[in-house]
Amino acid sequence: MTSRTITLANRGGATYSVDARRPLLDTLREQGVDLPYGCKYGGCITCAARLTDGQIDQRRQVALNNRQIANGYIILCVARPLTDCTLEIGVDSHGKLYRNPFADPLEPHELKADIATPKEA
Amino acid sequence: MECCGPGYASPAEAMKAPREKLLYTIAIYTGTGIQKPDYLCTIDADPESPTYSQVIHRLEMPGIGDELHHMGWNACSSCHDDASMSRRYLIVPGVRSSNLHIVDTIDPRAPQLHKVVEGAEIKARTDLSAPHTVHCLGSEIIISMLGDAKGEAPGGYLHLDKDFNIVGRWERSMGDIPFGYDFWYQPRHNVMASSEWAAPNTFMPGFDLEEVGHLKYGRRIHLWDFEKREPKQTFYLGEDGLIPLEVRFHHDPDSTHGFCGAALSANIIHWWKDGAGDWQWEKIIDVENEPHPEWPIPVPGVISVILISMDDRFLYFCNWLHGDIRQYNIEDPHNPVLTGQVWMGGLLDRAPEVNGVRVTGGPQMIQLSLDGKRLYVTTSLFSTWDNQFYPEIRTNGGCMLMVNCDTETGGMEIDPGFVVDFGKEPNGPSRCHETRYPGGDCTSDIWV
């Protein structure tokens, strides 16, 4: 098994060794990390966390728009660590996840991947 | 007719039922940061009781993250003549988990979990997810499912037998329907109406306004051939019908009149069968957007729910972002007359505090007593959408209020003696959503 070390910045820097091939939601919960979740297939955002260091593969997620991704959000139920990672977890990491959609609209390049248009130079 | 099945022989009989003394209300922790299951509350609604206006029982679901939302009975007046049936089991779906919780109310004050139909099994056997509206159908049950197993639209309809076994897909075809949401059927006219929210993968993460323009949200109402189980006609509502949600036919089973609230357009849509036998539709109410000091554009009402009194005389709806509940006399369904309005919460700051409780969120789900005199209101819409529009709900929780309704000439008034503050729940602030009563209510029963 290829292992990665996951550091939880907002849980006192606690570290966990996880299987690189499995979703972080599963591998962290199995080690006792209390995480929110909902759909468990990458569609609903409830398990979102913020990646502050490292790289992950979350190609199966369909919940995040490009602004949320730019702000570092990842969907733990489908995210697999490509490197060692540092995360902020739980709703205390959700400060930039939610925004009033009328008061703070998205630019065309900030929409979800399937409808976003490239940012003009 | 002597009869011993569930419900009532007619809407008029339902109106004579004893007053509701218990309410069942959904409360959620999904999306709140509190790592506890969502739960079903029993609320004491008997003014003679010492625990009136309090939560007297909490039934926790087995796991976290379901997002309980709407619910429905195993049986209603549609099998009033079937003595083998009783209104005993409440089907309580989780939108995010797709789990169906079957709750036994044989002890009405303390419902217990009977069984769980697992979301994974539903997905595997029917390729459906995200359960929403539950209607009993004679002795069987159908549930609108808003997505396929991957959360893409249009989903379809899950068919359960009376013992909650999965029969399969109810519909023969979804035709060209792009999205599902709510539905209601009127069997004497062989018709079902359904509305459109969005794919679960679109609405579950929250609301991006731009996705409306990209046609990710609905703008149609569909009429079905109920017996053939396939759509037969679509009303394209366009800009007048953006995000059409709750669908209600008249309770009178002989009527063809039905209504739907278009949430984002903040319009009420009315349809009926004309003298030539053709189905027609029109917009009958248009709620004006309201200016807001901090918004670049005026605030739409966002009609999150509609409801019709059991005598079909009054239409109620909530403007979740404005913060008002309205009552219209619809005795002439083409020409509704505004007869009552009350304010609670909302973004326009008209009534930030009611009965000593700071109202976070706006009026959202409503349930009316069978006699039409008491309207129970809760304030949470959907966890992610709450978090966008009313982020303080995370610490304040939701609340339930009661509105006294004048059924003679019309009029509404918030009852000063009833408030349930979900900000003070034992495990921390939760959010309350749909309400039902043990004996049936104004959105649970259909007459065949």
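The values are calculated or read from the model by the stated rules, or taken from the named source; none is laboratory data. The shown structure was predicted, so the numbers you read here are calculated from the model rather than taken from an experiment. Every residue, glycine among them, receives a Cβ derived from its backbone with ideal geometry; neighbour counts consider all protein chains shown. These area figures cover heavy atoms from the full protein model, side chains too; ligands, DNA and RNA do not enter into them. Shrake-Rupley method; radii C 1.70, N 1.55, O 1.52, S 1.80 Å.
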| note | Relative contact order as a percentage, chain B, C-alpha pairs under 8 Å and 6+ apart, gives 13
| query | Top mean-square fluctuation among B:MET85, B:MET344, B:MET400, Gaussian network model of chain B, C-alpha springs under 10 Å? | reply | B:MET85
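By how many nm would the segment from B:ARG125 to B:ALA276 lengthen if fully extended, with 0.36 nm per residue of separation less the alpha-carbon distance? Walk me through the numbers on the way to the answer.
Values: separation 151, 0.36 × 151 = 54.36 nm, distance 4.24 nm.
Result: 50.1 nm gained on full extension.
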| said: Which one, B:MET15, B:VAL357, B:GLN327, projects farthest toward the positive side of the charge dipole computed for the protein assembly as shown from Cβ point charges (K/R +1, D/E -1)? | reply: B:VAL357
| query | For labels at B:ARG350 and A:ASP26 in the simple 7 Å Cα→Cβ model, what's the distance in nm? | reply | 5.1
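Report in % the part of the accessible area of the protein assembly as shown that belongs to carbon and sulfur, leaving out ligands and nucleic acids; probe 1.4 Å.
Values: 9330 of 20250 Å².
Answer for the protein assembly as shown: carbon and sulfur cover 46 percent of the accessible area.
Between rounded, prolate and oblate, where does chain B land on the alpha carbon gyration tensor, with a ≥ b ≥ c its root eigenvalues, rounded for a/c under 1.5, else prolate if a/b exceeds b/c?
rounded
Where only protein heavy atoms count, and the probe is 1.4 Å, what is the accessible area per residue for chain B in Å²? Numbers along the way, then the final one.
Working: 14710 Å² over 448 residues.
So chain B comes to 33 Å² accessible per residue, rounded to a whole number.
Taking each residue of A:91-100 in turn, how many C-beta atoms of other protein chains fall within 10 Å of its C-beta, and what is the average? Intermediate results must be reported in sequence, preceding the final value.
Working: counts 7, 1, 0, 5, 1, 0, 5, 13, 5, 9.
Mean partner-chain Cβ count within 10 Å for A:91-100: 5.
In nm, what is the difference between 0.36 nm times the number of residues separating B:LYS283 and B:GLU227 and their Cα-Cα distance? Working shown, then result.
Numbers: separation 56, 0.36 × 56 = 20.16 nm, distance 2.81 nm.
Stretched fully, the B:LYS283-B:GLU227 segment lengthens by 17.3 nm.
Sum up the charges of everything whose Cβ sits under 14 Å from the Cβ of B:ASN355, counting Lys and Arg as +1 and Asp and Glu as -1, but leave B:ASN355 out. Walk me through the numbers on the way to the answer.
Numbers: positive: B:ARG358, B:LYS424; negative: B:GLU353, B:GLU413, B:ASP415, B:ASP421.
Surrounding charge for B:ASN355 is -2.
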| Förster radius 41 Å - calculated FRET efficiency between B:LYS115 and A:LYS96, Cβ distance, rounded to 0.05 | 0.50
| request: Please average, across the residues of A:54-67, the number of beta carbons from any other chain that are within 10 Å of each residue's own beta carbon, and give a whole number. | output: 2
| query | If packing is taken as the mean number of other Cβ atoms within 10 Å per residue, what is the order of A:2-8, B:416-422, B:238-244, highest first? | reply | B:238-244, B:416-422, A:2-8
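With a 1.4 Å probe on protein heavy atoms only, work out how much accessible surface A and B bury together, total over both chains, in Å² to the nearest 100. Spell out each step's value before the answer.
Details: alone 6910 and 16030 Å², together 20250 Å².
By this definition, chains A and B bury close to 2700 Å².
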| query | Which value, in debye to the nearest 20, gives the size of the charge dipole of chain A about its Cα centre, when Lys and Arg are +1 and Asp and Glu are -1 at the Cβ? | reply | 220
| PRE reach from A:THR7 (point 7 Å along Cα→Cβ): which of the range A:42-67 fall under 17 Å by backbone N? | A:50-56
| note | Ranked by GNM mean-square fluctuation in chain B (Cα springs under 10 Å), the top entry among B:ILE306, B:ILE166, B:ILE28 is B:ILE166
| Name the residues of the range B:387-415 whose accessible area, probed at 1.4 Å, falls by at least 20 Å² once all protein chains are in place instead of their chain on its own? | B:ASN387, B:GLN388, B:PHE389, B:ARG394
| remark: Comparing B:TRP385, B:TRP320, B:TRP197 in a Gaussian network model of chain B (Cα, 10 Å), the one with the largest mean-square fluctuation is B:TRP385
| Which of rounded, prolate, oblate describes the range B:147-300, given a ≥ b ≥ c as roots of the alpha-carbon gyration tensor eigenvalues and a/c under 1.5 marking rounded, otherwise prolate only if a/b is larger than b/c? | oblate
| Over the range A:3-110, what relative contact order in percent results from Cα pairs under 8 Å that are six or more residues apart? | 32
| query | For the pair A:SER17 and B:ASP161, how long in nm is the line joining their label points, each one 7 Å along Cα→Cβ? | reply | 5.2
| request: Would you give the gap between the C-alpha center of the range B:184-223 and the C-alpha center of the range B:418-439, rounded to a whole Å? | output: 27
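Just want to confirm a number: the relative contact order over the range B:71-112, from Cα pairs under 8 angstrom separated by 6+ residues, in percent.
Working: 56 pairs, mean separation 12.8, N = 42.
Relative contact order, the range B:71-112: 30 percent.
Calculate, in nm to one decimal, what B:VAL337 and B:ASP107 gain on full extension: separation in residues at 0.36 nm each, minus their alpha carbon distance.
On the way: separation 230, 0.36 × 230 = 82.80 nm, distance 4.18 nm.
Net length gain for the segment: 78.6 nm.
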